[in-house]
Amino acid sequence: MKSKFILFILMSLFLSIGIADEDSAKVKAMIDLSPNKPVQKLFSLTLLSINGESVIHRDDMIMLKPGNYQLKFASNIDLNFFSESSRILKSKINQRKYQDSIELKVEAGNIYHLAFDARPRKVEEWRPILLRTSEN
């Protein structure tokens, strides 16, 4: 009888933890940093800072609470997808002659798909973009 009672208490505890996790997931938004479309010159991003505070984050997805954010990135540009692999282009990429941050308003329950847009001909016009927003 005592073991059944302990088992009941443990199961109740695990269920309450699961419910709390589901509720906390509902008040957050997911940010997808990996568009996986290099042929279209849309490259993945590595998050460097959130609102000016440095972060170490290596995954393709992050969870954020609702709010306004200034996100700074390092772009993962693959030069193999460019027809013009000139020294000037590589030099501008290495010197980071492009915009590397984006302002994002995050709402709970959404997935924000971000990418680094390298489609414009001028490197100075390259920037992180919001590709689309979907519901979680």
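The values are calculated or read from the model by the stated rules, or taken from the named source; none is laboratory data. The structure displayed is predicted, hence computed values, not measured ones. Here the Cβ is made from the backbone with ideal geometry for all residues, glycine too, and neighbour counts use every protein chain on show.
Tabulated values for the structure
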{"read-out": "Condition check for Asn80: under 22 Å from Asn110 (Cα atoms) and either in contact (Cβ under 8 Å) with a residue 24 or more places away in the chain or surrounded by fewer than 14 Cβ atoms within 10 Å (Cβ to Cβ) (or both)", "value": "no"}
{"read-out": "Where a residue in the range 124-136 is closer than 9 Å to Ile102 by Cα and its partner, wherever it lies, is crowded, with 16+ Cβ neighbours inside 10 Å and of a type in the set (Gly, Ala, Ser), with Cβ under 8 Å and at least six apart", "value": "Pro128/Ser75; Pro128/Ala115; Ile129/Ala115"}
{"read-out": "Residue selected from the range 17-62 under the condition among the basic types (Lys, Arg) and within 21 Å of Leu104 (Cα to Cα), by the criterion modelled with the highest pLDDT", "value": "Lys28"}
{"read-out": "Residue list for the range 28-86, restricted to those being assigned to a strand (DSSP E or B), closer than 14 Å to Ile129 by Cβ and of a type outside the set (A, V, I, L, M, F, W, C)", "value": "Asp32, Lys37, Ser75"}
